[in-house]
Amino acid sequence: MRNQTFVIVGAGQAGAMAAATLRQQQFDGDIILIGKEYHAPYERPILSKEYLINPEEAPKYLFSEDFYLKNQIDLRIGQSVSQIVPSKHCVVLENGGELRYDKLLLAVGARARRFPLLDQLGENVYTLRTLDDAQRLRQAVKKDKRILIVGGGVIGLELAATSCELGANVTVIEQADNIMGRCAPPLLQDYLLNRHQENGVQFFLDTKIVSAQKQGSELVLILNTGEKVIGDIIIYGIGAEFRDQLAADAGLVTNGGIVIDSRCQTSEPDIFAAGDVCLQREPLTGDLQRRETWENANRQATIAAHAMMGLEPPQPGAPWFWTDQWGINIQMVGNMQAEEWHVQGDLQSDKAILFGTENEVLVGAVAINQGREMRNLRKLLANSTVVSV
């Protein structure tokens with residue numbers, strides 16, 4: 001019987017971790033890992049923090065240079081797939097070559113959602129998604145620069161803190177009425193807003209940009225309030241566009257992302273998907289959910305690798321993610337949209353735990369500079385612990 005060939009399209013966190021998991025689980029067939037970027041798989045979380053602050057900081061690669069050779073993983077960087085042909089079990093490369101697969105994993109991720117109004121300003125307008133983006137920003141964010149950050153999500157706030165630490169003057173413009181609205185409870189939103197303001201970040205919340213101009217070397221934004229903000233650099237983060245077109249063209253079920261089941265299987269039995277590009281149904285509600293986190297990429301990579309081999313995938317726990325801002329480590333686990341939130345500790349001292357409950361049952365938690373408590377919090381969530389306040 002011939003060896004099987006597993007092809008993985010996308011050499012980011014999910015793709016690389018899936019390849020590694022396949023070998024850990026003793027898959028002895030061929031693994032081909034295809035990446036569009038001209039970099040070996042690397043860690044993304046540091047790009048908005050340490051990598052910008054320290055000019056000596058090197059990219060943090062997921063594995064050493066010889067890992068792929070030792071594990072017989074055929075890593076092909078700087079290559080793209082232009083077509084999937086499920087009926088032939090093959091992918092077509094942009095150079096016209098074809099690769100046959102027995103199982104295919106799509107870990108193609110996302111790109112920064114574009115903001116044409118800002119893009120038309122030309123140079124000194126940036127997004128942050130890739131190592132190349134971070135390398136460009138590294139040259140741009142300097143002391144005393146006036147930086148306008150459009151978008152008050154996690155990346156926007158991390159960049160605000162990092163830019164201030166580098167001596168820049170920072171203004172954040174967010175169209176929602178608070179920051180991190182999609183992923184943080186109100187208590188945490190207010191806490192972080194205060195910390196940023198105490199460190200000199202100016203905020204325009206519940207505000208939209210109505211026009212953008214370049215006047216000499218200055219970038220000028222006119223807001224719907226009539227106010228004008230002027231900067232030397234604009235960095236925007238207004239969400240992501242998910243790379244599902246390849247899957248859609250192949251006839252897979254998509255919905256602004258690739259729809260997968262609990263085993264990371266798509267609507268095509270021999271095609272799987274993992275990471276940011278995926279939409280997965282919640283077990284209780286049936287709603288399609290997307291989780292764009294480092295932990296979710298690793299989790300789905302592990303599940304997909306097991307499923308591709310016909311093994312029983314590990315059971316997922318509560319979703320977890322983190323952010324570091326102003327030297328404060330914030331870890332979040334479970335449901336951040338819980339009905340009620342309670343504080344244990346002292347937010348003013350930057351050391352506290354937030355408990356999110358529904359009908360007095362713990363459904364979510366936030367650890368602020370209390371990372372050692374995360375293991376216990378996970379256990380409490382798994383046991384549907386009743387919290388008495």
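Once phi is turned into ³J(HN,Hα) by the Karplus curve 6.51 cos²θ - 1.76 cosθ + 1.60 with θ = phi - 60°, what whole-Hz value does each residue of the range 76-87 show in order, with x for glycine and proline?
Using θ = phi - 60°, the values come out as 10, 8, x, 10, 10, 9, 9, 7, 10, 10, x, 5 Hz.
If we count every other residue with Cβ under 13 angstrom of Ser163's Cβ, Lys/Arg +1 and Asp/Glu -1, where does the sum land? Walk me through the intermediate numbers first.
Working: positive: Lys49, Arg138, Lys142, Lys143, Lys145, Arg146; negative: Asp144, Glu158, Glu165, Asp232.
Computed value for this residue: +2.
How large is the accessible surface of Asp276 in square angstrom, using a 1.4 angstrom probe and rounding to the nearest 10?
30
Just want to confirm a number: the relative contact order over the chain, from Cα pairs under 8 angstrom separated by 6+ residues, in percent. Please report the intermediate quantities before stating the final value.
On the way: 813 pairs, mean separation 56.8, N = 389.
In percent, rounded to a whole number, it is 15.
In square angstrom, rounded to the nearest 10, how much accessible surface does Ser267 have for a 1.4 Å probe?
60
Order 328-339, 309-320 from most to least packed using the mean count of other Cβ atoms within 10 Å.
Values: 328-339: 18.7, 309-320: 13.6.
Descending mean neighbour count gives 328-339, 309-320.
What is the range 169-247 by shape, rounded, prolate or oblate, if you read a ≥ b ≥ c off the alpha carbon gyration tensor as root eigenvalues and call it rounded for a/c under 1.5, prolate for a/b larger than b/c, and oblate otherwise? Can you show the working numbers first?
Details: a/c = 1.93, a/b = 1.07, b/c = 1.80.
Oblate.
Taking a cut-off of 21 Å between Cα atoms, list the lysines near Lys379, but don't count ones fewer than 8 places away on the same chain.
Straight-distance partners of Lys379: Lys351.
Quantify, in whole percent, the carbon and sulfur part of the accessible surface of the chain (1.4 Å probe; protein heavy atoms only).
45
So what's the net charge close to Tyr101: Lys and Arg +1, Asp and Glu -1, counting the other residues with Cβ under 12 Å from its Cβ?
Once positives and negatives cancel, what remains is -2.
Which FRET efficiency value, to the nearest 0.05, is calculated for Asp270 and Glu94 with the Förster distance at 25 angstrom and r the Cβ-Cβ distance? Please report the intermediate quantities before stating the final value.
Details: r = 22 Å, r/R0 = 0.89.
Here the calculated transfer efficiency is 0.65.
In square angstrom, what is the accessible area per residue of the range 253-301 with a 1.4 angstrom probe?
Numbers: 2210 Å² over 49 residues.
Accessible area per residue, the range 253-301: 45 Å².
Rounded to the nearest whole Å², what accessible area per residue is found for the range 102-171 with the 1.4 Å probe?
On the way: 2740 Å² over 70 residues.
On a per-residue basis, the range 102-171 sits at 39 Å².
Can you tally the net charge around Arg23? Count Lys and Arg as +1, Asp and Glu as -1, for every other residue whose Cβ sits under 15 Å from the Cβ of Arg23. Each step should come with its number before you reach the end.
Values: positive: Lys70, Lys103; negative: Asp28, Asp30, Asp66, Asp74.
Around Arg23, the charge tally is -2.
The values are calculated or read from the model by the stated rules, or taken from the named source; none is laboratory data. Source: prediction; values computed, not measured. Cβ sites come from the backbone with ideal geometry, for glycine too, and all protein chains shown count toward neighbours. We work out accessible area using only protein heavy atoms, side chains counted, and drop any ligands, DNA or RNA first. Shrake-Rupley method; radii C 1.70, N 1.55, O 1.52, S 1.80 Å.
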